[in-house]
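A quick write-up on the structure given underneath.
The values are calculated or read from the model by the stated rules, or taken from the named source; none is laboratory data. Since we're looking at a predicted model, the values are computed, not measured. A quick note on method: Cβ atoms are made from the backbone with ideal geometry, for glycine too, and the neighbour counts reach across all protein chains shown.
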Amino acid sequence: MTIKEAIEKMFDVYKLRRKFDETSLVAAWPQLMGKAIANRTKQLYIRDKKLFVKVESSVIKSELVLMRSQIIGRLNEFVGQAVIEELVVL
């Protein structure tokens, strides 16, 4: 068994997979969305399969709302499974 397989099995046994994927998404937000949006994001957290994003610019907020489905798809594609079902822009 490789180290990767052992870690994957550990995630599944201890039910840590979802929390690990959520943490990975929050950490990868600047990479996935770009620096312009990441720099204007004040707060980012996941609760009950909903991604909450607080932004300081109303223009960025409008763009995120319009691109909601593409953003959810990009985030879920990054982790390889459906972790986010809804995007809430604050």
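Descriptive notes on the structure:
- Annotation: ARG40 fulfils all but one of (1) closer than 29 Å to GLU8 by Cβ; (2) touching a Ser or Thr at 6+ places or on another chain (Cβ under 9 Å); the unmet one is (1).
This table checks each residue for (1) surrounded by 13 or more Cβ atoms within 10 Å (Cβ to Cβ); (2) without any contact (Cβ under 8 Å) to a residue 40 or more places away in the chain; (3) in contact with a Lys or Arg (Cβ under 7 Å, 6 or more places away or on another chain).
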residue	(1), (2), (3)
TRP29	yes, yes, no
ALA36	no, yes, no
ARG47	no, yes, no
LEU51	yes, yes, no
LYS61	yes, yes, no
ARG68	yes, yes, no
GLN81	no, no, no
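- Within region 43-65, tally of residues that are part of a helix (DSSP H, G or I) and touching a strand residue (DSSP E or B) at 6+ places or on another chain (Cβ under 7 Å): 3
- Answer residue from region 23-37, given it is under 12 Å from the mean Cα position of the chain (by Cα) and β-branched (Val, Ile, Thr) and is nearest to PHE11 (Cα to Cα) among those: THR23
- A single entry from GLU8, GLU85 fulfils the requirement of being at pLDDT 95 or above and surrounded by fewer than 16 Cβ atoms within 10 Å (Cβ to Cβ): GLU85.
- Criterion violated by LEU44 - all others in (1) touching a Leu at 6+ places or on another chain (Cβ under 8 Å); (2) more than 14 Å from ILE84 (Cα to Cα) satisfied: (2)
- Residue among LEU66, LEU51, LEU44, LEU75 that is of a type outside the set (Asp, Glu) and more than 14 Å from the chain's Cα centre (by Cα): LEU66
- Leading residue by the ranking (farthest from GLU77 (Cα to Cα)) among those in region 5-42 that are out of contact with any strand residue (DSSP E or B) (no Cβ under 7 Å at 6 or more places or on another chain) and aromatic (Phe, Trp, Tyr): TYR14
- Scope region 70-79; condition under 21 Å from SER58 (Cβ atoms) and surrounded by fewer than 13 Cβ atoms within 10 Å (Cβ to Cβ); matching residues: GLN70
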